[in-house]
Structures are given as C-alpha cells and as structure tokens.
1. Considering only residues that are out of contact with any strand residue (DSSP E or B) (no Cβ under 9 Å at 6 or more places or on another chain) and free of Cβ contacts under 8 Å to residues at least 24 places away in the same chain, which ones fall in the range 74-112?
2. Say we look at the range 162-201 and pick out the residues that are without any contact (Cβ under 8 Å) to a residue 24 or more places away in the chain and not assigned by TED's automatic domain parsing to the domain that holds residue 235; which of these is nearest to the chain's Cα centre (by Cα)?
3. Name the one entry in 123, 134, 114, 178 that is more than 27 Å from residue 293 (Cβ to Cβ), in contact with a helix residue (DSSP H, G or I) (Cβ under 9 Å, 6 or more places away or on another chain) and crowded, with 19+ Cβ neighbours inside 10 Å.
4. Identify, by number, the condition in (1) free of Cβ contacts under 8 Å to residues at least 40 places away in the same chain; (2) surrounded by fewer than 19 Cβ atoms within 10 Å (Cβ to Cβ); (3) within 30 Å of residue 183 (Cβ to Cβ) that residue 28 doesn't meet.
5. How many of the residues in the range 228-239 are out of contact with any helix residue (DSSP H, G or I) (no Cβ under 6 Å at 6 or more places or on another chain) and in contact (Cβ under 8 Å) with a residue 12 or more places away in the chain?
6. Looking for whichever is in a helix (DSSP H, G or I) and modelled with pLDDT of 95 or more here; the options are 182, 170. Which one fits?
7. Search the range 137-155 for residues being in contact with a helix residue (DSSP H, G or I) (Cβ under 7 Å, 6 or more places away or on another chain), at pLDDT 95 or above and part of a loop (DSSP other than H, G, I, E, B), and hand back the single one that is farthest from residue 69 (Cα to Cα).
8. Is at least one residue of the range 45-55 surrounded by 20 or more Cβ atoms within 10 Å (Cβ to Cβ), out of contact with any strand residue (DSSP E or B) (no Cβ under 7 Å at 6 or more places or on another chain), closer than 26 Å to residue 158 by Cα and in contact (Cβ under 8 Å) with a residue 40 or more places away in the chain?
C-alpha cells in the first residue's frame, strides 16, 4: 500500500529514484523531520505529500508554505500568527501556518529563503514545540511534523551567513535528495507514457504519438526544468498534436538545437583514421562537456551509462 502511494506521486523506474522512494517509505512511518533537496521541478512537494499520505497523520492537514513567495515583513506573521491589533490591518486574531497544521504536516518549501530572524524563531519552535503569536504572550503547544525542502545548497548559504547552522542540523535529521531527470536513466520514457495517458483523459482527446526519432531526441534532451518541464511539454503536445504523430521538427526550437549531426555527415578520410584514438578523444570530450558527469557524457555520445563506463575503462584504466 505504501509503495503504491509513492508511485502515484512520483513515476519512474530508475534506480536513483527508487532509492529515494524507498527511503521515503521508511521515514513515513515516523515523525522524524525531513529535509528534501533537489533541483527545481524534481517533485519535492510531491514527495512530501507521499510521505504525509503514507503516515499516521494522513487524515490530518497537509499545509504547504512557499517561503520565497511571502514578503519578508510578513513571513513571521504568516508562520506564527498574530493577535488582533498587532499591526495595521490586523483586524482579528489569526493563527499562523504552524497552528493550522496542528496534528498534521507543515511543508516549508524553499526554506533557505527564510529571513535570519524568522529562522531563529523557527528553531525555537522545533526545540520547544510551542508557538507565540505576534503581540501575544500566550505559548500555544502545537503537534506538527515539519518537512522542509530547498533547491539551494544550504551548506554554502551557511558559509555565506544566510542560513543558521543550528537550524540546518535541526532540519537535516533525514535528508532525501531527488535526482534531476537527466540522471534518471529510462524515466523520460516512463513519464512520457504517464503524461500522455493523463492528459488524454484530462482533455478527453486522443493522445499524440511520438515517432521513434522524436523519442530519441526527447531522451537526449537535458530537461533543465526536470519533471515539471516534461509535464508542461506533454500538455502542450496533447493540445497541439492530438491524434497526430510528433516528429523532431515539431519540437520546440530549444530542443531541436540539441539534435546531433547524422553519422552520414562524417566522411572517412582516404588515408583512414586511428579509430581507438578517435574513440578515446570523444570519451574525453564528452566528459569535459558534461563537467565530469558520466551519465550526461554517455547521453552526449548516444550510449548507455554502462557502455560508456566500459569504454572509459578500456582506455583510461584507474
């Protein structure tokens, strides 16, 4: 049952994703504080929702707060609440996000964007589990599980003085890192199938079909926006190419620019070439272009990661 919940929220069969989902299932049965990291669009809130739905708090509130979306002068009031008259416009007592999540889960998205003063008060809440509203003296006990998320490097922000070290360690009890889509081997195809079916049902239209060459191009795309970008792409294709076959030339210009030259464009010199030297050079160039990321380098050469590693070891034995 737990496995089904996680698969409903995050689709994919890659080993990297499955490791994260397995860890998520393990922490779901506890109240431990979780810090989810990963690039924008990887599904951090969906993972938090899966943890909540698989937990004993499933029938209690799941309250999400995007810390980056609230003006700095309002963050504290929104998070901890306020009394009537606390400031101009405070016409009534107002419980904050923490109180509204009582007995449930508070998801703090982009927690790295919290102002330092608010970080100090959040740390105090995590230690005392009581909330004091602005302009109030009453301490209110609150039972809430905290799941935080960020696409930033909090260690770097600590060194820069933008994030409290003590708060980091209070949040970093169980870290879960969602991998970017470009590193999830085989999951692009899984997600294409999922979103193709989802949007066909949602719009009640026949789904588009992707030619083999188009699928290969989509597999090689880096997907800088991760799963969110792929989802938006599939929705666009559902509207524009319903019941039609999508060809590489139908893809957005940014994706078409990544299409590699055809092997037929290479002309073998009459004098021949040193194939092994050429292959070794291509491996080196791919690694350099991918900044050392072997999965990405393999995609640049149209190879599986295992094949790339085999060829790499062939020429550059450790």
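The values are calculated or read from the model by the stated rules, or taken from the named source; none is laboratory data. Worth saying up front: this structure is predicted, and the values here are computed from it rather than measured. Neighbour counts run over all protein chains shown; Cβ positions are idealised from the backbone, glycine included.
1. Scanning the range 74-112 gives 74, 88, 89, 91, 92.
2. Result: 168.
3. Working: 123 fails: crowded, with 19+ Cβ neighbours inside 10 Å; 134 fails: crowded, with 19+ Cβ neighbours inside 10 Å; 178 fails: more than 27 Å from residue 293 (Cβ to Cβ).
The conditions single out 114.
4. (2)
5. Start the filter on the range 228-239 by keeping residues that are out of contact with any helix residue (DSSP H, G or I) (no Cβ under 6 Å at 6 or more places or on another chain), which leaves 228-229, 232-233, 236-237, 239.
Filter once more, keeping what is in contact (Cβ under 8 Å) with a residue 12 or more places away in the chain: 228-229, 233, 237, 239.
Result for the range 228-239: 5.
6. Numbers: 182 fails: modelled with pLDDT of 95 or more.
It is 170.
7. Taking the candidates together, the pick is 142.
8. Looking through the range 45-55, none of the residues is surrounded by 20 or more Cβ atoms within 10 Å (Cβ to Cβ), out of contact with any strand residue (DSSP E or B) (no Cβ under 7 Å at 6 or more places or on another chain), closer than 26 Å to residue 158 by Cα and in contact (Cβ under 8 Å) with a residue 40 or more places away in the chain.
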